[in-house]
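Let me begin by presenting the structure, written as structure tokens, before commenting on it.
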There are 2 protein chains.
Amino acid sequence: MVAEKLTAPDPETLVSEAKAAFRDGAMLTVQARCEVEYEGRTSGYLGPGDRILVAKPDGTFLVHQPTGHKPVNWMPGGGSVSARTSEDEAVLLARRTNPSERVEARILEAYGLTRFDATDGATYEESGTEAEMHEYIEENPDVLEEGLRIVEHERESKYGFIDFFARDESGTPVVVEVKRIQATLNHFDQLQRYVSLYEETNDTVRGMLVAPSASERVERALRDNGLEFVELAEFDTDAKGATEAKLTDF
Amino acid sequence: MVAEKLTAPDPETLVSEAKAAFRDGAMLTVQARCEVEYEGRTSGYLGPGDRILVAKPDGTFLVHQPTGHKPVNWMPGGGSVSARTSEDEAVLLARRTNPSERVEARILEAYGLTRFDATDGATYEESGTEAEMHEYIEENPDVLEEGLRIVEHERESKYGFIDFFARDESGTPVVVEVKRIQATLNHFDQLQRYVSLYEETNDTVRGMLVAPSASERVERALRDNGLEFVELAEFDTDAKGATEAKLTDF
DNA sequence: TTTTAAATTTCGATA
DNA sequence: TATCGAAGTTTAAAA
């Protein structure tokens, strides 16, 4: 049986089921009223309430309230989850080192428990990422500017990586920073950092921020600092085209 | 009953249970073999495998594989989740607008389903955040430098907010950027942006990045640009002290 | 292991 | 509603 379920397990049953799941590498889901403590990079406390607890075989531990995308408390994979009874209550504890941290869920009342012996060999395939936007630009530099030549992709500099190092029609060097989302001040900063560095050793250099859009403040910052904004919203690579065809077929 | 559980529901049962849960504002958890599509800011496809699906009453939808902290596919709250049968299979669909996106999980085999009528009025209380680090510095500016006076907290400038605007013992203005984690190049960028701006209208200004640590590259970037790094790892506010006492009592 | 930057980042605060 | 910056960010890639 792939999934085994218990309704309202008592603390001892919950702990023994949890231990068995951890031992066997199964996923564990618990619906419970609980309180939660976190101690690590910061510290925090969550008072009693109803939540879903999920423990994965890689040490991942999640505490989900009835709303919100993010777990209210969690532990990333790499550590381990354990179960024990304490003062007649079941306690789930997730720990890891580097950084050293712990999440402890004290279960005041368990409503349900599911053990799930899951098998999943699939990996997620994604299109429309920034990496694909890079590919598209590399193959079609003219969309940025007529006559632009890409000299180098992901060039390492003293202060970080430049997305593209290029030259315009007249041979002037162009530092290009690419974003697949609306450009932010931090993105402006990044470009400015690379351009400043280049200016230390060379006279003329252009800086170009490529993105589907930019806020007013970002456009002004670029203008004030002699940098350029190039709007690029649409891009299509072979990979993306292939995936889209597949999704349409579905 | 707070949590109701079904083992291996057929598609029709799953859909009707899911609809009822969505209608009543309950949390839904499903253990299933499924395939998943995402279409929105990017697009992607995840082939068949065993996952835990969670739907929350606020429209949050999560698809969790057996490993990893982050859901492989998800929808943040704000939209809605619906259920239907299609070609004799149960399908869960999460949608939202702004941005327009959708996640569709086609359930090939359901192993378990739990409806959870959860009530949770608690809010997470946290200590050790950057906001508390700000409080600590405001009350103890000497930890940054002997004789430093804080003039303004969160000062707005043309290109963003300065954490602290201060003056040193000799009256020279100091722009202070504070991070509670190891300083990154982006943090250096932020400080540099504020300092450059100030230099446009004033002659002398110091820039100070405060953090528990910084990488070699960040330290060099600061040095090369005449900015300063102040190491500050420990800080304690009344709030943090209070919470720590409580956790110790536990 | 450390660093660097992306992310379907999410989230909260602010204007 | 858009923007800005923090986050216990996590994750992946590269050195």
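Take the alpha carbon atoms of the range A:187-220, find their center, do the same for the range A:132-184, and report the distance between the two centers in whole angstrom.
12 Å
If you average the sequence gap of Cα pairs under 8 Å that are 6 or more apart and divide by the length of chain A, what percent do you get for the contact order?
15 percent
Which residue in A is nearest the A/B rotation axis when you measure from the C-beta atom, and what is the distance in Å?
Residue of A nearest the axis onto B, distance in Å: A:189, 2.
Provide the three semi-axes, in whole Å and in decreasing order, of the ellipsoid equivalent to the range A:76-148 as defined by the square roots of 5 times the Cα gyration tensor eigenvalues.
On the way: eigenvalues 496, 56, 24 Å².
Over the Cα atoms of the range A:76-148, the semi-axes work out to 50, 17, 11 Å.
Choose one of A:105, A:176, A:136: the residue whose Cα lies farthest towards the positive end of the charge dipole of chain A (beta-carbon charges +1 Lys, Arg; -1 Asp, Glu; about the Cα centre).
After comparing all options, I get A:105.
In nm², what is the average projected area of the convex hull enclosing the Cα atoms of the range B:3-116?
Across all orientations, the range B:3-116 yields a mean hull projection of 6.5 nm².
Return the long-range amide H neighbours of residue B:118 (sequence gap of 5 or more, or a different chain), with a cut-off of under 5 Å between placed amide H atoms.
Amide H to amide H, under 5 Å and 5 or more residues apart or across chains, residue B:118 pairs with B:27.
Give me the Debye-computed log₁₀ of I(q)/I(0) at q = 0.12, 0.15 Å⁻¹ for the range B:28-89, equal point scatterers on Cα only, no solvent, two decimals.
Log10 I(q)/I(0), no solvent term: -0.29, -0.47.
Order by neighbour count: A:145, B:169, A:87, fewest other Cβ atoms within 10 Å first, most last.
Ranking A:145, B:169, A:87 by Cβ neighbours within 10 Å, fewest first, gives A:87, B:169, A:145.
Taking neighbour counts of Cβ atoms within 10 Å as a proxy for exposure, in what order, fewest first, do B:215, B:43 appear?
Final ranking by Cβ density, sparse to dense: B:215, B:43.
Measure off 7 Å from each Cα along the Cα-to-Cβ vector at residue A:230 and residue B:97, then give the distance between these two points in nanometres to one decimal.
With each label placed 7 Å out from Cα toward Cβ, I get 3.5 nm.
One decimal, nm, shortest first: give the distances between the label point of residue B:41 and those of the same position in the other copies, each label point 7 Å from Cα along Cα→Cβ.
Copy-to-copy label distances for residue B:41: 1.8 nm.
I need the P(r) histogram for the range B:130-239: all alpha carbon pairs, bin width 5 Å from 0 out to the longest distance, whole percents.
Histogramming the range B:130-239 at 5 Å steps yields 2, 12, 25, 26, 21, 10, 2, 0 percent.
Tell me, what is the percent relative contact order of the range B:96-237, built from C-alpha pairs under 8 Å that lie six or more residues apart?
Values: 200 pairs, mean separation 26.7, N = 142.
Computed over the range B:96-237, the figure is 19 percent.
Could you give the alpha-carbon Rg of the protein assembly as shown over 2.2 N^0.38 Å, rounded to two decimals?
1.13
Tell me, how many Å apart are the Cα centres for the range B:16-87 and for the range A:1-68?
The distance from the Cα centre of the range B:16-87 to that of the range A:1-68 comes to 19 Å.
So, how do all the Cα-to-Cα distances of the range B:163-207 break down into 10 Å bins, in percent, from 0 on up?
Distribution as computed: 26, 53, 20, 1 percent.
So, with +1 on the Cβ of K and R and -1 on the Cβ of D and E, and no other charges, what is the size of the charge dipole of the protein assembly as shown about its Cα centre, to the nearest 20 debye?
The dipole magnitude comes to about 1180 debye.
Starting from the Kirkwood Rh over alpha-carbon pairs, what translational D in µm² s⁻¹ does chain B have by Stokes-Einstein at 25 °C and 0.890 mPa s? It would help to have the intermediate numbers written out before the result.
Numbers: Rh = 22.2 Å.
D = 110 µm²/s.
Please compute the net charge surrounding residue A:92, taking Lys and Arg as +1 and Asp and Glu as -1 over other residues with Cβ under 9 Å from its Cβ. Kindly include the intermediate steps, with their values, before the conclusion.
Working: positive: A:84, A:106; negative: A:104.
Charge balance near residue A:92 sits at +1.
So if we plug the beta-carbon distance of residue B:23 and residue B:155 into 1/(1 + (r/R0)^6) with R0 = 41 Å, what FRET efficiency do we get, rounded to 0.05?
Details: r = 50 Å, r/R0 = 1.21.
Computed FRET efficiency for residue B:23 and residue B:155: 0.25.
The numbers here are math on the coordinates, done by the rules we state, and not lab data. All of these numbers come straight from a predicted model, not from anything done at the bench. Reconstructed Cβ throughout: ideal geometry from the backbone, glycine too, with neighbour counts over all protein chains shown.
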